[in-house]
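First up is the structure itself, then whatever we jot down about it.
What follows is calculated from the coordinates using simple rules that are stated; it is not laboratory data. Please read all numbers here as calculations on a predicted model, not as lab measurements. Neighbour counts are summed over all protein chains in view; Cβ atoms, including those assigned to glycine, are modelled from backbone coordinates with ideal geometry.
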Amino acid sequence: MSEKRKQDIQRIKELESINLAREEIRDFVIETKKQVEKDNDLLANRINNDLKSRGIKSIDIVGAIGAGKTALLEKISEKISKKYRILVICGDITTRVDADRIEKHNVDTIQINTGRECALNAYHIYQVLNNIDLNDYDLIFIENVGNLICPSEFQLGTDKRITIVSITEGEWVIEKHPMLFKMSDIAVINKIDLLERLGTNIDKMKKDAKSFNPNIKVITTSAKNNKNIDLLIEALEL
């Protein structure tokens, strides 16, 4: 087996945590996976070009369940909804709990329920954008399904990607989930209001994010106490 083929197989195992037991299906699985990624990237590029041509800013927000994605979006929306006409696309397995929360802050929301799919993909976003009047918006946020693994497989066509973690997830969370940080423009470490109680090593978290992506901006926040929300908005160039 060639070295390239070994690397391809290992990549599939790393991305999906599966062992391809039968050698006769390995090529099929690998080629299918590569084609799905290629088609998604083509559609993501089309989305990005369309939004840019209309002057619409777009931001993808990823993070585990409970990291504070929705709470931070609420705080950001409160501060900038008078400046921008905002659409928030929320991804969840089911319900529209997050969309309902965010909608109270003078922004429009659209809920995507993915069912068994653990992340949004470019096709989800393309379908939404094709069924709304984009002339109504200056800024689009996409709140991805809550986890730190699946969203790394799919670009959504946004200008920026933020990965949010919280100190309640432990100081090892970034080291254990490096892929999204390699692909993100900003890393947010949230819930620092709990630092005295939890004693999480934030310096390690910052160092880990920078080690995986030297160009990433790292911001510590507390959605509860409004800590550094303005700094985050500034980093988003809003």
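Taking amide H as placed 1.01 Å from N in the peptide plane, Leu120 has its amide H under 5 Å from the amide H of Val145, each at least 5 places away in sequence or on another chain. Which residue fluctuates the most in the chain, going by a Gaussian network model with Cα springs under 10 Å, if the choices are Lys210, Lys191, Lys34? Of Lys210, Lys191, Lys34, the Gaussian network model singles out Lys34 as fluctuating most.
For the pair Lys38 and Leu194, what calculated FRET efficiency results from E = 1/(1 + (r/R0)^6), where r is the Cβ-Cβ distance and R0 = 45 Å, to the nearest 0.05? Let's see the in-between values first.
Working: r = 42 Å, r/R0 = 0.93.
Calculated transfer efficiency: 0.60.
Extent of the chain along its three principal axes (Cα atoms, max minus min coordinate, largest first): 58, 47, 33 Å.
Phi angles of the stretch 184-193 translate, via the Karplus equation with coefficients 6.51, -1.76, 1.60 and θ = phi - 60°, into HN-Hα couplings of 10, 8, 9, 10, 10, 9, 9, 6, 6, 5 Hz per residue; Gly and Pro are given as x. Per residue, the convex hull spanned by the alpha carbons of the stretch 64-139 comes to 90 Å³.
Shown in residue order for the stretch 217-223 are the 3J(HN,Hα) couplings computed by the Karplus curve 6.51 cos²θ - 1.76 cosθ + 1.60 at θ = phi - 60°: 8, 10, 10, 9, 9, 9, 5 Hz (x for Gly and Pro).
For the chain, modelled as a GNM whose springs connect Cα atoms under 10 angstrom apart, the maximal fluctuation among Asp203, Asp92, Asp41 occurs at Asp203. Here the 3J(HN,Hα) profile of the stretch 132-137, calculated from phi with Karplus coefficients 6.51, -1.76 and 1.60 at θ = phi - 60°, is 10, 8, 5, 5, 7, 9 Hz, Gly and Pro shown as x. The amide H of Ile142, built 1.01 Å from its N in the peptide plane, has Ile59, Asp60, Ile61, Ile89 as neighbours under 5 Å, considering only residues 5 or more places off or on other chains. Charged neighbours of Lys104, selected by a Cβ distance under 13 Å, balance to -3 (K, R count +1; D, E count -1).
In this structure the amide hydrogen of Ser166, modeled in the peptide plane, comes within under 5 Å of the amide hydrogens of Asn190, none closer than 5 places in sequence on its chain. Between the alpha-carbon centres of the stretch 48-115 and the stretch 174-224 there is a gap of 21 Å. Secondary-structure-derived ellipticity at 222 nm for the chain, considering helices only, amounts to -12500 deg cm²/dmol, per-run term -39500 (n - 2.57) for DSSP H runs with n ≥ 4. Entry note, the chain: relative contact order of 21 percent, from Cα contacts under 8 Å with a spacing of 6+ residues. Pairs exceeding a 21 Å alpha-carbon distance, out of Lys34/Lys206; Lys52/Lys75; Lys182/Lys204; Lys69/Lys182; Lys104/Lys160; Lys160/Lys204: Lys34/Lys206; Lys52/Lys75; Lys104/Lys160; Lys160/Lys204.
Computed across the stretch 154-232, the Kirkwood hydrodynamic radius from all distinct Cα-Cα pairs reaches 12.7 Å.
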